[in-house]
1. Could you grab me the full set of residues in segment 26-47 that are more than 21 Å from Gln69 (Cα to Cα) and open to solvent by 60 Å² or more (accessible area, probe 1.4 Å)?
2. Is one or more of the residues making up segment 71-92 in a helix (DSSP H, G or I), surrounded by 11 or more Cβ atoms within 10 Å (Cβ to Cβ) and not small (Gly, Ala, Ser)?
3. Please find, among Ile44, Ile36, the residue that is in contact with a helix residue (DSSP H, G or I) (Cβ under 7 Å, 6 or more places away or on another chain) and not in a helix (DSSP H, G or I).
4. Check segment 80-98 and report whether any residue there is at pLDDT below 80 and polar (S, T, N, Q).
5. Show the residue pairs that are 6+ apart or on different chains and have beta-carbon atoms under 8 Å apart, the first residue being within segment 2-25 and under 20 Å from Lys66 (Cα atoms) and among the acidic types (Asp, Glu), the second being open to solvent by 80 Å² or more (accessible area, probe 1.4 Å) and assigned to a helix (DSSP H, G or I).
6. I'd like the residue in segment 21-75 that is at pLDDT 90 or above and basic (Lys, Arg) and, out of all such residues, is farthest from Asn11 (Cα to Cα).
Amino acid sequence: MCNYEGMLEENRKRNENKEQRAIMAINNMVADGHRISINALVQITGLSRSFFYKNQKVVEEVNSAKKRQGKQCDKSNNVAINKALKKENDILTRKIKDLEETCDKLKKENERLKNKSKMNIVDTLERCFKEG
């Protein structure tokens, strides 16, 4: 029975070692900003895919890390979206200002042409009356 208990103890130690390697890899991936995936963890740790699905402690760590990353992604997405919207808003504000300036110039040009047209009509009428 002593040999059996020794095997169990050895298996428990190996399992703890695997858990520690897996959790360390998960924490390193999160710290380095890498996306958590089972494939990446298998490559990094050399542990089997089934280990990452069957070991409850590791499953909880993976899920927790993914949630943390999801929140970080949401925040960074919001920052990126806000930055893009601000940039677009600045561009549109400049376009509005340019269009208002163009509108003012066209109004002035229209007034100038109206006055010129009135002057031409007056000149034409004066010539007609002088000739007639």
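The values are calculated or read from the model by the stated rules, or taken from the named source; none is laboratory data. This structure is a prediction, so every number in the text was calculated from the model and none was measured. Every residue, glycine among them, receives a Cβ derived from its backbone with ideal geometry; neighbour counts consider all protein chains shown. In case anyone asks, the SASA skips ligands and DNA or RNA and just uses the protein heavy atoms, side chains included. Shrake-Rupley method; radii C 1.70, N 1.55, O 1.52, S 1.80 Å.
1. Gly46
2. yes
3. After ruling out the rest, the residue left standing is Ile36.
4. yes
5. Glu19/Lys57
6. Looking at the filtered set, the residue picked out is Arg49.
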